[in-house]
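The values are calculated or read from the model by the stated rules, or taken from the named source; none is laboratory data. Because the structure is a prediction, the values reported are computed rather than measured. Cβ sites come from the backbone with ideal geometry, for glycine too, and all protein chains shown count toward neighbours.
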Amino acid sequence: TPNKDELIAVHERSSEFWHGAVDGEVGEAYEFVAQRIRTVDLPLDATGFRTRRPTEILKSRYASAEDKVVLFTAALGSADAGFVSDSAEQPKDDPPSPASFRYLLTRGFAVTLGPWSDLNSEVAPEGMIPAEFRGKRIFVVGSTAQELWQTIPKRLFYRSSQKVNVDASLSADGNLTAKVHYVMLGENELLLRVAFHKTPKEKWKDVAQLMAISDGFRGQIVNITASDPYATKEPFVVDYELSQPKFVDWSKKTVRIPALLPLPGLPEAPSDSANISGKNSIDLGTPMEIELTATVQLPQGTSGQPPTGTAVERDYATFSSKYSTDGNAIHAARKLRFIASQIPTARAPDLNTFLHAVQADQTQLFTLQRTQPAEK
């Protein structure tokens with residue numbers, strides 16, 4: 001346990017980071033320990049759960065997961081440590097075996113008890129933890145712990161949203177160039193922050209290439225920029241440019257192309273009662289709002305015919321799409337919103353109908369026709 005002099009020294013040193021702020025002090029202390037103290041990636045029991053003194057941790061500027069909780073507690077004055085279990089059920093052994101712990105989270109206490117947070121990834125916003133841990137049992141150690149075993153809330157502390165805009169052009173020789181702009185909040189934001197943080201900047205093209213492939217885009221990444229992974233108070237932004245030769249063959253009189261929009265992840269459709277037997281609900285994932293827009297400039301002498309839009313509304317999710325043309329440009333927009341994280345199993349047929357409508361819309365094509373020979 002840190003002595004009084006250590007607590008004063010650590011609090012004064014860490015307070016320099018947030019300039020003596022009072023409002024949001026938990027968040028500022030969290031940001032200081034998460035970002036300014038480098039995480040040493042070790043198994044939780046690598047040191048036998050022995051920790052260093054807060055002043056030593058502060059001086060070295062590196063820490064294990066356990067050390068980070070010690071420093072966070074010293075900087076703030078009160079915090080809990082939470083050892084995440086492998087299971088959503090409470091382990092049978094009591095006291096629990098350290099072998100059953102996967103990860104260490106923390107939460108601070110000022111006026112009220114804060115959300116569970118991840119000091120170890122270095123770039124996770126306060127209150128944002130990996131999705132795999134939500135709903136799991138957690139063994140809580142700290143002054144505020146009324147119960148040793150608790151359950152991590154399934155609902156995300158932050159609102160999740162994803163906005164993607166594609167600005168593309170098709171050349172007279174059939175080549176496609178596209179600039180793709182992502183603005184991420186919530187679950188996908190954390191995945192990208194960690195990916196770009198852990199990847200050397202000269203390898204960011206590889207991360208962008210994986211993003212493009214997962215979103216259904218082909219072509220080669222030619223340029224990539226991303227916002228600072230440490231700027232956790234702002235949405236995470238990624239911009240990349242890709243090029244795909246011979247995207248279309250203009251020798252054909254009629255050409256059909258899909259809307260150049262990412263393919264958002266959808267819940268797995270329950271194919272039959274066997275998939276949900278024994279369950280009371282169907283998991284829809286994290287509630288999220290997804291907005292996708294795209295504009296493609298066509299070469300002179302080319303016109304486009306848009307498909308028909310779709311609109312589907314449920315109390316657990318909504319989807320809409322709109323397609324149009326304007327001169328030599330074609331436009332596409334889709335909005336998908338998941339309102340609930342789960343629905344009763346009895347509504348499986350309705351969910352299948354909803355998912356089928358979304359998937360059918362994603363297969364729709366623009367029809368392009370050359371009204372005059374395209375200039376090369």
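Within the stretch 175-182, not a single residue is at positive phi and assigned to a loop (DSSP other than H, G, I, E, B). Applying the set (1) at negative phi; (2) crowded, with 20+ Cβ neighbours inside 10 Å; (3) of a type in the set (Gly, Ala, Ser) to Gly186 leaves exactly one unmet item: (1).
Are any of the residues in the stretch 252-266 surrounded by fewer than 17 Cβ atoms within 10 Å (Cβ to Cβ), modelled with pLDDT under 95 and farther than 25 Å from Ser169 by Cα? Looking for residues that are surrounded by fewer than 17 Cβ atoms within 10 Å (Cβ to Cβ), modelled with pLDDT under 95 and farther than 25 Å from Ser169 by Cα, one finds at least one in the stretch 252-266, hence yes. The combined condition, being over 21 Å from the mean Cα position of the chain (by Cα), surrounded by 17 or more Cβ atoms within 10 Å (Cβ to Cβ) and either touching a residue at least 40 places away in the same chain (Cβ under 8 Å) or more than 19 Å from Pro270 (Cα to Cα) (or both), is not fulfilled by Leu365.
Scanning the stretch 345-376 for residues being in a strand (DSSP E or B), of a type outside the set (A, V, I, L, M, F, W, C) and modelled with pLDDT of 95 or more gives a total of 1. Just the residues that are within 27 Å of Asp361 (Cα to Cα) and basic (Lys, Arg), please, taken from the stretch 227-262. Within the stretch 227-262, Lys246, Lys252, Lys253, Arg256 qualify. Spot the failing condition for Glu122; the list is (1) in contact (Cβ under 8 Å) with a residue 40 or more places away in the chain; (2) surrounded by fewer than 17 Cβ atoms within 10 Å (Cβ to Cβ); (3) among the charged types (D, E, K, R), and only one is missed. Tallying (1) in contact (Cβ under 8 Å) with a residue 40 or more places away in the chain; (2) surrounded by fewer than 17 Cβ atoms within 10 Å (Cβ to Cβ); (3) among the charged types (D, E, K, R), Glu122 fails exactly one: (2). Filtering the stretch 26-42 to residues that are of a type outside the set (A, V, I, L, M, F, W, C), in contact with a helix residue (DSSP H, G or I) (Cβ under 7 Å, 6 or more places away or on another chain) and modelled with pLDDT under 85 leaves only Glu28.
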